[in-house]
Amino acid sequence: MQQAPLSILVLGGGAAGWLTAAVLAAEHGRTRGGHCDIVLVESPDVPTVGVGEGTWPSMRETLRRIGLSEKRLFAECDAAFKQGSLFSSWRSQSADDRYYHPFSLPHGYFELDLAATAGLENYAYAVTPQAAICDAGLAPKQLATPDYAGVLNYGYHFDAGKFGQCLRDHSVSQLGVRHIQAEVERVEGRDDGTVAALHTRDGQRLAADLFVDCSGSAGLIIDGHLGIPWESKTSVLFNDRALAAQVPHASADAPIASVTRSTARANGWVWDIGLPTRRGMGYVYASDFVDDDAAEADFRSFLAGQVGEAEAQELAVRQLRFAPGHRSVFWQGNCVAVGMAAGFIEPLEASALALIEQSAGLIRDLLPAQTDQMDLAAKRFNRQMLAHWDNIIEFLKLHYVLSTRSDSDYWQAHRQPESIPELLQENLALWRHRPPGRQDFPQAQPLFPPASYRYVLNGMGQPCDFARAPRADQNHDRARALLAEVQKQLASYRQGLPENRQLIAQLISGAPPGARNR
């Protein structure tokens with residue numbers, strides 16, 4: 001029976017590989033007093049792609065635990081604040097139809113649900129100051145506010161390629177992760193089905209106790225060697241392609257939106273992520289409903305409304321293809337898949353990095369002390385991650401199910417009962433008479449809490465008669481007092497919070513010189 005230390009090998013870099021390596025090294029690495037040797041091997045030939053990416057607020061705690069300062073994040077990763085998502089034209093085709101899914105919980109959330117008093121229209125504006133703060137272009141904190149803290153809840157937007165490079169430098173220099181650049185050509189297995197080692201083109205044999213497959217959609221170990229099946233989710237979420245473009249700001253001092261903007265189109269939707277140096281924009285669609293040329297034409301038409309016809313036609317547009325779904329299991333034997341090797345669905349609500357965070361954190365927390373306990377860790381990991389995937393898929397489907405758009409087969413197909421998960425169908429029936437609650441979700445801590453469902457349900461106009469709402473929700477006097485407190489908070493925040501771009505510039509100027517020059 002082998003005792004700790006354990007050796008861990010992460011296959012693949014990028015945000016998935018380096019974030020996983022950093023999370024594990026910060027807790028279990030030798031430089032932090034742990035007993036694990038952590039190695040990351042990646043191909044030297046994989047190009048860095050600068051895609052704008054959004055995170056959840058959980059990334060703040062992740063950065064704190066690995067010891068990466070916010071100032072460095074902003075200076076090196078072209079980062080900006082994200083306070084939630086703004087959805088336009090999802091409920092109907094109207095350009096004026098918009099609603100927020102802010103990161104801050106509704107005021108008084110743990111006391112009562114304010115919807116019965118506030119009403120469904122402009123719900124996010126009534127129950128939190130955050131929607132109005134985002135409209136005003138203000139940041140969620142002040143310069144003097146400590147790292148990772150804010151008066152309003154927030155995550156980040158950043159350049160995913162630069163984020164991976166920043167994590168690499170931090171992991172190697174501060175966390176003791178050993179970095180190997182080599183092309184992996186072969187996986188060596190054992191008779192019991194576990195992985196013994198990876199063999200590289202230059203003749204290295206890299207053995208380990210635990211292998212983390214972050215090799216992207218190729219899944220070199222989890223698929224190529226172990227053959228773990230892929231569970232397609234195309235019957236629920238149809239989108240399988242995306243177009244991406246880097247769009248310049250109108251001017252160097254143009255405001256930076258602190259929300260991910262999501263605008264529905266006839267056959268898909270457009271994302272718009274504001275970074276300090278540019279906007280990352282993309283068009284997500286389903287190849288079963290629109291061909292590539294028509295999708296690009298619609299995307300460029302949308303871009304023309306943002307930057308003008310001539311510039312929209314000149315922008316470089318890159319196509320991405322993906323198969324929506326995930327592995328039937330994620331941890332098999334002594335190999336666990338993270339990132340696109342584990343699964344991928346459309347980027348609505350920024351679930352990709354959140355799932356990487358969840359996976360890395362679970363590996364950290366479930367890491368066995370002895371290799372003969374690997375199967376126990378795998379069993380718990382698979383159970384929890386499958387529940388997270390189900391929760392995310394149902395939450396994303398919610399956005400489509402509630403739409404009244406009828407301008408294409410794409411939107412009408414999304415409302416067909418056979419495409420809606422059973423649990424979501426049950427919940428939608430119940431939520432016509434009471435707000436979502438913890439009792440509606442089988443897992444103890446769903447990635448999207450009931451408050452997120454409330455923001456989308458109200459934003460999309462789902463009716464609720466509150467006939468079965470908790471009695472506390474009918475305390476209208478208390479609810480009106482809480483709603484008044486929201487308006488007082490808003491007035492205070494308007495006075496004290498800086499503009500988003502202004503604070504980002506101040507954070508970057510206060511970063512160490514080496515970070516600013518990278």
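Selection over the stretch 417-431 of residues that are over 15 Å from residue 442 (Cβ atoms) and touching a residue at least 24 places away in the same chain (Cβ under 8 Å) gives a count of 5. Residues in the stretch 312-329 that are open to solvent by less than 10 Å² (accessible area, probe 1.4 Å) and either farther than 18 Å from residue 383 by Cβ or free of Cβ contacts under 8 Å to residues at least 60 places away in the same chain (or both) were compared, and the one that is farthest from the chain's Cα centre (by Cα) is 312. The condition (being out of contact with any Lys or Arg (no Cβ under 6 Å at 6 or more places or on another chain), open to solvent by 30 Å² or more (accessible area, probe 1.4 Å) and in contact (Cβ under 8 Å) with a residue 60 or more places away in the chain) is satisfied by just one residue among 186, 279, 201, 241: 279. Selection of the stretch 5-29 for residues being out of contact with any Asp or Glu (no Cβ under 7 Å at 6 or more places or on another chain), within 22 Å of residue 225 (Cβ to Cβ) and either of a type in the set (Asp, Glu) or open to solvent by 20 Å² or more (accessible area, probe 1.4 Å) (or both) yields only 14. Contact map, the stretch 466-479: residues that are free of Cβ contacts under 8 Å to residues at least 60 places away in the same chain paired with residues that are of a type in the set (D, E, K, R), Cβ distance under 7 Å, separation 6+ or inter-chain. Pairs shown: 468/434. Only one entry in 137, 150 is out of contact with any Ser or Thr (no Cβ under 8 Å at 6 or more places or on another chain) and over 30 Å from residue 343 (Cβ atoms), namely 150.
Please tell me if residue 449 is out of contact with any Phe, Trp or Tyr (no Cβ under 8 Å at 6 or more places or on another chain) and open to solvent by 30 Å² or more (accessible area, probe 1.4 Å). Yes. When 402, 348, 355 are checked against the criterion of being buried (at least 19 other Cβ atoms within 10 Å of the Cβ), of a type in the set (A, V, I, L, M, F, W, C) and within 26 Å of residue 94 (Cβ to Cβ), 348 stands alone in meeting it. Considering each residue of the stretch 155-183, count those that are more than 21 Å from residue 336 (Cα to Cα), open to solvent by 40 Å² or more (accessible area, probe 1.4 Å), of a type outside the set (Ser, Thr, Tyr) and part of a helix (DSSP H, G or I), and give that number. Of the residues in the stretch 155-183, 5 are more than 21 Å from residue 336 (Cα to Cα), open to solvent by 40 Å² or more (accessible area, probe 1.4 Å), of a type outside the set (Ser, Thr, Tyr) and part of a helix (DSSP H, G or I). It is to be established whether one or more residues within the stretch 234-243 are within 19 Å of residue 39 (Cβ to Cβ), under 22 Å from the mean Cα position of the chain (by Cα) and not small (Gly, Ala, Ser). No.
To keep it simple, each residue is scored yes or no on (1) open to solvent by 10 Å² or more (accessible area, probe 1.4 Å); (2) touching a Gly at 6+ places or on another chain (Cβ under 9 Å); (3) at positive phi; (4) at pLDDT 95 or above.
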position: 387; (1), (2), (3), (4): yes, no, no, no
position: 398; (1), (2), (3), (4): no, no, no, yes
position: 406; (1), (2), (3), (4): yes, no, no, no
position: 409; (1), (2), (3), (4): yes, no, no, yes
position: 418; (1), (2), (3), (4): yes, no, no, yes
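For residue 484, the conditions (1) touching a residue at least 12 places away in the same chain (Cβ under 8 Å); (2) under 16 Å from residue 123 (Cα atoms); (3) open to solvent by less than 80 Å² (accessible area, probe 1.4 Å) are fulfilled apart from (1).
Residue 119 passes every criterion in (1) on the phi < 0 side of the Ramachandran plot; (2) open to solvent by 10 Å² or more (accessible area, probe 1.4 Å) apart from (1). If the condition is being within 13 Å of residue 337 (Cα to Cα) and in contact (Cβ under 8 Å) with a residue 40 or more places away in the chain, then the stretch 362-382 contributes 363, 378, 381, 382.
The values are calculated or read from the model by the stated rules, or taken from the named source; none is laboratory data. The model shown is predicted, which means the values in this text are computed figures rather than measured ones. Quick reminder, even Gly has a Cβ in these numbers, built from the backbone with ideal geometry, and neighbours come from all protein chains shown. We work out accessible area using only protein heavy atoms, side chains counted, and drop any ligands, DNA or RNA first. Shrake-Rupley method; radii C 1.70, N 1.55, O 1.52, S 1.80 Å.
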